[in-house]
Every structure is written in C-alpha cells, then in structure tokens.
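In what follows, a single structure is set out as structure tokens and then discussed.
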Amino acid sequence: MSGFKVVQPGLMTLIQDAGRFGHHRIGLTTGGPLDALAFKWANRLVDNPMNTTALEISFGGLVLEAETDAQIVLAGAEMPLKINGIEQDRWHAHKIKAGDKIEVGFSAQGARAYLAVSGGFQVAHSFSSSATVTREGIGGFTGEKLQQGDYLHCQAPVKHKGYRLPEQHRPDYADNITLRVITGYQQHAFSDYQKRLFFSSEYKVTDRADRMGYRLAGPEVKPSFDGILSEGICHGAIQIPADGQPIVLLNDRQTIGGYPKIGSMIAMDTARMAQLLPGSRISFDEITIDDAHNLHCLAHIRFNNTEPESVD
Amino acid sequence: MSIATDQIRIEIAGENALIIYFGEKTDPRVSSQVQQAVTILETELSGKLIDMVPSYASLLVIYDQLATDHLEIRSGIRKVLSQLGESDNREGNLVILPAYYSTESGPDLEALAQRADLSTEEVIKIHSEMEYRVYAIGFAPGFAYLGEVDERIAAPRLSTPRTRVPRGAIAIADRQTAVYPAVSPGGWNLIGLCPTRMFNPEADPTMPVQVGDRIRFNPISRDEFFALGGELGEIR
C-alpha cells in the first residue's frame, strides 16, 4: 500500500478538491475549500494541478503516518507542523519517507489549513468531485470527516518539484477585518437606513459558524418583508432571517432558500472570514460588481505571477 | 399561453451571479418560462457558465469571471428572454410515484384530516387526484418541491420539527408537497411513504424527476409498498 494512515483525525479534517460544480439542479452544493487561496498554494507548492485532492484541516489536531515517500506541504492557518517531532516551516514543501510521523497542532491564528501531498490523495469521485459535504453525505470517504484508522491512498512516488512561498507573500489571518459586499438580491427591501446600519456596524462571528454559513451577531437589520419564494443562493450570499442577524452562506450552503438577502460577500473575503474563530470582529464595505470583478482578475494574475522558491 | 416578458427583472446576486425574476408567485406558466430559459441559456452561454439554479419563479445564473462579465451575461439573458414570450408552454414528463398512505406510514395524516374537517380517505383522494409540478429542487440533494397542493389539505409546518424523517416520506407544508429523498430532520406533515428512491447517487439518472416534470401519486396497499421495496423506517 502506498499512502498515509490516519493516526488522529483532528477536530474536523475533510477531503477536498476545488469543489463540485454543475450539479445545483439536483440540489447538490459545491463544497470545496473554504479558503481557496491557501488550498491553491498548497497544491502549487508540491507541483500539483490546482484541482488536486488535499485535506482541509479545521482548527488542527491531525496526525498521519506515512507509508510512502512523498513531498508534503501545509498552507493556511498557523497550525504548527511537526515531522517526526521536529517543527517545520509551513508554506514549504518537505520530503518525507515511509514511516515518518506528521503532526499538525492546533492553530495559533486562522482556522483552516490545507495539507497537500505530491500527486494528490486518490479518492473516488462522486458527481465529478472528491469534495466532502457532510450535510449531504457525499464525497470524501462516504461523505464523512476523516476518522481514526482511515487510509489515504496516494500515487506511487513520483518526481515532483517542491517549493516554498516567501514570507512576504503569505497571507495573514488577523482579526478585526473589513470584508467587501456587493449589494444585490432583495437589497431594495432594505431601507437606506438599514443598509447604512449594516455597512457601518461591527459584527461578531458567533459559535454557529461552520462550512454551511457564518452566523454573525450585531445590530439587527430588518428588511421590509420576512420571506420570499425560495430561490437560488450563490456563494457568499448574506441572508437576513427574522431575528435580523446576518448569515453569510459558504461552500456547504443549501442551493435554494427563502430568506431575504442584502447582497453577497466576494469570495476572496469569504476565504478570509472562514479563517476567523468565534468572537472575531468584522465589518463590511460596499463595492460594485465591476470593482469585484477587477479584484478577482488581479488576484488571479497576482497568484500566477508570484514565483515560489524551489526547495529541491 | 405566453406572459409578458417585460415584467422580468435581472438583479445582481453576487460577484459572479445574476438572478432573473420571472414573477412573484407560484405559477406553472412562470415555471415553464424558467425551464425554457435554462435550456436556451445553456446553449447560448455555453462555456461561460459554472452552474444555474432554477426555482419557482427565478433563475440564478452563475458564470465564470475569467471567461465573461455581468454585462455580457446580462445581454445574453436579454436576448434569450426576447425569444421566450413566443415559446409554447413546454410540458415536462409525467412521473407516477406509488404512495402508501396510512396512519402507520404517515403519522400526521389523521391530524391533518381533522384540521381540514375531512376523513383520512378524503385527504388521500385529494392528494392523489392532483397533478403536481416540480417547481424546484434543493434543501437537500434530490428534494423536489411539488406544487400546488389543494387548499383544503394545505397545512403549516410542525411547530417542532422531527429529528428523523424516514426516506420516502410523503409530506405537506403549506401548499407544497414532497418526498424526502433521504433520512433527515424535517418539519413537514407526513401523510405516507413512497417506495421510489428520489435520489440515488449510484443510479443513472440520479433522480426520477427534474424541475418542470409533472407528478402524480398513485395510492398503493401496504403489501404493494413492501413488494416495491418500501421500508417503514423509524420516525422520531
């Protein structure tokens, strides 16, 4: 066998690729990494194609034992990485040998880290993706988070290049941030006063924050009506239920729903929000769809133009 | 019969999504327009779309920001909408779903009948005589929202949702009805069980119905239910 034994699964470790697309019509959500940028970097630093299956580790606590020679990398939240008990740099590919023990500790800052292996984890696809959505019981291993004793199969060792991302390019996961929102959907149902309140107030991430959505707490925002005919919900949509407390809907959201929405957070910023722990403070800035599009394209170019350093 | 397309609104949904509102309420003609739009947009904007979510009276269009932008998608949608008004009212497939209605398989059947001042037989007759339309699929994989239920047997959601509704449960909430595709929590009124699997990842197609299809429930006996592979399943 060639792969990794799960010695300790951690609080919530999920098998993820870039996500499941094109299946909303049968009610399947996208899944995929909450922090797409860190996920993409993890794959790139071990020379994998961008849609390669990796692990999303929430909060930490994962221990693996290698039964293969490979390169691994940990990118994202500041979870201490140890190989055979020795602390190693994150955002940095490391060669490992069969028998090595890989430990990912609990996060000092940030909530999600991505562990990628050269060649990727070999997981059967369901609906053209390996992404685990536990709510649907789809993807990964029978739709579940990693369990102790699971076995992560890998390709036989192949010659992959390894890289490290220089410090100045690594994202920081600081608290107290401003996130950008495009007004849309039922925005007309929110008076100018309600919109000003939303965009000028501070909200806290509550402990009801998961892969489906982040429920926030702060000043109540009230639309002029309570419910709408159920309609499609896009990634980042901010729904306002009857209690006036916003919920930002993420990768594992329901595909349709009937709560009024004030708009949607841009994906670059949902990724940042998903790195926050309960109690973190956020506020919102309004941007236009054109500005959002520019930011998206710039980020794409910046990612492609940032050259990681070879560690071979 | 066509309806005016100048009522249709296009709104921004998110950074890479527009939503088209075809109307404000549940209406088979509106739903038919949503379906037509899905079919035409798929061809017209091929290679630029990531996904679409049709629902009762709206269509969410999600596009690839590196391939296009909201202006191009908007004009693509406008072009498609101008073709819609003339289109005929396309009919979906008729799908018959066997239904074992009973107090054993539908623990809310009696209470629903009492509320409506009807006998359970009358409730079953009313539910199974109506032809429903699949207006949307969502909430969970394979969960098809069927409408509209006869007003006489419409019923509000339970005040306390159940923690376990079995797979195949036939349920009513307001003027909607559905068959639970998998075991899940749920607050709808349960009136029976359907032995047909509404969602099977291993099957092709995964679902026996799609949005726009027409559905009829065919009452069956307890024996027929088991012969068709039905299981009662625990209800909590």
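Taken together, the values in this text are just the output of simple stated rules run on the coordinates, not laboratory data. The structure presented is a predicted model; accordingly, all values stated were derived computationally and were not measured. Backbone-built Cβ (ideal geometry, glycine too); neighbour counts: all protein chains shown.
Across the protein assembly as shown, the fraction of Cα-Cα pairs farther apart than 32 Å, rounded to a whole number, is 49%. The label-point distance for A:Gln8 and B:Arg157, in a model that sets each label 7 Å from Cα toward Cβ, rounds to 4.0 nm.
3J(HN,Hα) along segment A:299-312: 5, 4, 5, 4, 4, 5, 8, 7, 8, x, 8, 6, 10, 5 Hz, from the Karplus curve 6.51 cos²θ - 1.76 cosθ + 1.60 with θ = phi - 60°, whole Hz, x for Gly and Pro.
For segment B:171-187 versus segment A:217-240, the inter-centroid distance based on Cα atoms is 23 Å. A simple rule links phi to the HN-Hα coupling: the Karplus curve 6.51 cos²θ - 1.76 cosθ + 1.60 with θ = phi - 60°, which for segment A:247-263 gives 10, 8, 8, 10, 4, 9, 4, 5, 6, 10, x, x, 8, x, 10, 8, x Hz, with x for Gly and Pro.
To the nearest ten degrees, helix B:120-129 and the longest principal axis of the Cα atoms of chain B are 30 degrees apart.
Annotation for B:Val183 and B:Phe226: the two label points, set 7 Å from Cα along the Cα-Cβ direction, are 2.1 nm apart. Round to the nearest 0.05 the FRET efficiency obtained for B:Lys79 and B:Glu24 when R0 = 35 Å and r is the Cβ-Cβ distance. In this case the efficiency is close to 0.90. Relative to the longest principal axis of the Cα atoms of chain B, the long axis of helix B:28-44 makes an angle of roughly 50 degrees. Between A:His300 and A:His125, the C-beta separation translates, for a Förster distance of 22 Å, into a calculated FRET efficiency of about 0.30. In this label model, A:Ser191 and B:Arg175 are separated by 3.1 nm, measuring between points 7 Å along each Cα→Cβ vector. Once the chain from B:Ser128 to B:Ile96 is taken as fully extended at 0.36 nm per residue, the excess over their C-alpha distance is 10.5 nm.
Compute the label zone of A:His153 within segment A:1-23: residues whose backbone N is under 18 Å from the point 7 Å along Cα-to-Cβ. Answer for segment A:1-23: A:1-6, A:15-17.
Scanning residues 5 or more positions from B:Ile215 or on other chains, those with amide H under 5 Å from its amide H are B:Val95, B:Tyr132, B:Arg133, B:Val134, with H placed 1.01 Å from N in the peptide plane.
Partner shielding of A:179-190 amounts to 3, given as the average count of beta-carbon atoms from other chains within 10 Å of each residue beta-carbon.
What is the Cα centroid distance between segment A:171-187 and segment A:84-161, reported in whole angstrom? For segment A:171-187 versus segment A:84-161, the Cα centre distance is 29 Å. Amide hydrogen proximity for B:Arg157: with H placed 1.01 Å from N in the peptide plane, the residues at 5 or more positions away or on another chain lying under 5 Å are B:Asp174.
Taken about its Cα centre, chain B carries a charge dipole of about 280 debye when Lys and Arg each add +1 at the Cβ and Asp and Glu each add -1 at the Cβ. Peptides A:215-225, A:238-248 ranked from most to least packed give A:238-248, A:215-225, packing being the mean of other C-beta atoms within 10 angstrom over each peptide's residues. The charge dipole of the protein assembly as shown, taken about its Cα centre with unit charges on the Cβ of Lys, Arg, Asp and Glu (plus for the first two, minus for the last two), comes to roughly 560 debye.
For chain A, what is the charge dipole size about the Cα centre, in debye to the nearest 20, if Lys and Arg each add +1 at the Cβ and Asp and Glu each add -1 at the Cβ?
Working: 30 positive and 35 negative charges, 55 e Å.
Computed about the Cα centre, the dipole is about 260 debye.
Within segment A:189-312, the percentage of alpha carbon pairs spaced more than 22 angstrom apart rounds to 40%.
Using 0.36 nm per residue of separation minus the Cα-Cα distance, give me the extension gain between B:Arg115 and B:Leu66 in nm, one decimal. Write down the numbers at each step before the final one.
Numbers: separation 49, 0.36 × 49 = 17.64 nm, distance 5.48 nm.
Once the chain is fully extended between B:Arg115 and B:Leu66, it gains 12.2 nm.
Counting only other chain Cβ atoms within 10 Å of each residue's Cβ, the peptide A:133-141 averages 2. Each peptide in B:149-155, A:259-265, B:183-189 receives the mean, over its residues, of other Cβ atoms within 10 Å, and ordering these scores from highest gives A:259-265, B:183-189, B:149-155.
What's the local net charge at A:Thr134, with K and R +1, D and E -1, over the other residues with C-beta under 10 Å away? Before the final figure, lay out the partial values.
Details: positive: A:Arg135, A:Lys145, A:Arg211; negative: A:Glu136, A:Glu144, A:Asp210, A:Asp252.
Taking every other residue near A:Thr134 into account, the sum is -1.
Filter the cross-link list A:Lys5/B:Lys48; A:Lys261/B:Lys48; A:Lys222/B:Lys79 down to pairs whose alpha-carbon distance in this structure exceeds 29 Å. Display every interim value, and only then the final one.
Working: A:Lys5/B:Lys48 41 Å; A:Lys261/B:Lys48 25 Å; A:Lys222/B:Lys79 36 Å.
Checking Cα-Cα distances, A:Lys5/B:Lys48; A:Lys222/B:Lys79 exceed 29 Å.
Counting only alpha carbon atoms, the long axis of helix A:36-45 and the longest principal axis of chain A meet at about 20°.
Karplus-based coupling profile of segment B:73-80, in residue order and whole Hz: 5, 4, 6, x, 5, 4, 4, 5, with θ = phi - 60° in 6.51 cos²θ - 1.76 cosθ + 1.60 and x standing for Gly or Pro. Database remark: amide H of A:Tyr163 closer than 5 angstrom to the amide H of A:Ala93, A:Val311 (H placed geometrically; neighbours at sequence offset of 5 or more, or on other chains; Pro and chain starts carry no H).
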